[in-house]
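Participant: After the structure tokens below, expect a handful of questions from me.
Bear in mind these aren't lab numbers, they're just calculated from the coordinates by the rules spelled out. The model shown is predicted, which means the values in this text are computed figures rather than measured ones. FYI the Cβ positions are ideal-geometry reconstructions off the backbone, even for glycines, and counts take in every protein chain you see.
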Amino acid sequence: MKNWIPIKPPFARFKKKVFIRAAQVSGIVYQIGEYPALRQPSKKIPIAAIKSVTMNTKIAYLKKCLLQYRKITGYGRGIAGIQVGIPERIAVIYTPRKLITIINPRIAKKSEKRLLYPEMCMSVNPIIAPTVRPSWIEFEYYDENGQKQYWNTKDDTKKQKILNRVFQHEIDHMDGIINIDKVKFPRDLILESNPAFYKKAKFEEV
Ligand SMILES: [Zn+2]
């Protein structure tokens with residue numbers, strides 16, 4: 001008779017990598033439970049202060065943190081000021097062409113259509129939160145030159161859906177809301193453990 005042998009959980013090597021990354025990220029980005037301001041609204045930035053030396057330094061730091069995060073993990077689309085100890089309404093979003101800085105965003109319109117998509121957050125590493133959000137938003141904001149801008153790109157490509165989602169994720173941070181707060185059941189939370197997970201991820205209409 002054969003003896004019983006334990007069946008080990010899967011993806012051990014991948015998970016080791018995930019936790020090493022998470023440790024590295026947590027040296028740059030504040031994590032839930034250690035910084036109460038993550039759950040509080042950030043302050044509006046006076047328009048006159050946007051082009052100040054201090055704000056320039058803060059924006060440069062945010063960009064540096066986002067790029068560092070991408071270097072560590074290979075992904076990462078956006079970072080809000082509050083995540084690196086700047087409780088002001090500012091975020092930087094990554095696109096392959098450029099980094100977009102949004103300051104004092106104000107949502108003007110939201111899509112009626114709502115989509116479910118698994119999201120990660122640098123402050124909740126390495127948890128994946130399947131999050132429901134409007135398919136797109138329109139919003140006005142100030143760029144880092146103090147110019148008013150309007151975002152209203154909403155074609156049906158995955159790229160645009162992700163960008164619209166990242167903007168909403170970051171604007172939520174400015175209001176003290178984290179993606180896990182929007183998940184209906186804690187049981188829906190996922191640990192990043194399967195290397196193929198994001199290859200299969202798709203937007204689902206709800
Ligand atoms: Zn986040």
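Participant: If you fit an axis through the alpha-carbon atoms of helix 158-174 and take the longest principal axis of the Cα set of the chain, what angle between them do you get, 0 to 90°, nearest 10?
Facilitator: 70
Participant: Would you mind counting up the charge near residue 111? Only other residues with Cβ under 13 Å from its Cβ, with Lys and Arg at +1 and Asp and Glu at -1.
Facilitator: Around residue 111, the charge tally is +3.
Participant: So who's got an amide H within less than 5 Å of the one on residue 139, skipping anything under 5 residues away but keeping other chains? H placed 1.01 Å off N, in plane.
Facilitator: Close amide H contacts, sequence-distant or interchain: 108, 151.
Participant: Shifting gears a bit: Trypsin sites (Lys or Arg not before Pro), restricted to segment 119-201: which are DSSP loop and have at most 12 other Cβ atoms within 10 Å?
Facilitator: Passing both the DSSP loop test and the Cβ count: 184.
Participant: Let me ask another. If you fit an axis through the alpha-carbon atoms of helix 12-25 and take the longest principal axis of the Cα set of the chain, what angle between them do you get, 0 to 90°, nearest 10?
Facilitator: The angle comes out near 30 degrees.
Participant: Quick one: divide the alpha-carbon radius of gyration of segment 12-205 by 2.2 N^0.38 Å and tell me what you get.
Facilitator: Details: Rg = 16.2 Å, N = 194, 2.2 N^0.38 = 16.3 Å.
For segment 12-205, the normalised Cα radius of gyration comes out at 0.99.
Participant: Follow-up question, since we're still on this one. On a full-extension model of 0.36 nm per residue, what is the gain between residue 97 and residue 16, subtracting their alpha-carbon distance, rounded to one decimal in nm? Before the final figure, lay out the partial values.
Facilitator: Numbers: separation 81, 0.36 × 81 = 29.16 nm, distance 3.18 nm.
Length gained, residue 97 through residue 16: 26.0 nm.
Participant: If the reach is capped at under 20 angstrom between alpha carbons, list the lysines near residue 8, excluding any in the same chain fewer than eight residues apart.
Facilitator: Within reach: 16, 17.
Participant: Using the basic label-point model (7 angstrom from Cα toward the beta carbon), what is the residue 198 to residue 185 distance in nanometres?
Facilitator: 2.7
Participant: Calculate the dipole size of the chain relative to its Cα centre from +1 charges on Lys and Arg beta carbons and -1 charges on Asp and Glu beta carbons; express the result in debye to the nearest 20.
Facilitator: Dipole magnitude for the chain comes out near 760 debye.
Participant: Quick one: longest stretch of the chain between exposed loop GluC sites (Glu not before Pro), exposed meaning at most 12 other C-beta atoms within 10 Å and loop per DSSP?
Facilitator: 113-206
Participant: If you build a Gaussian network model of the chain, linking Cα atoms that sit under 10 Å apart, which residue out of 40, 83, 147 swings the most?
Facilitator: It is 147.
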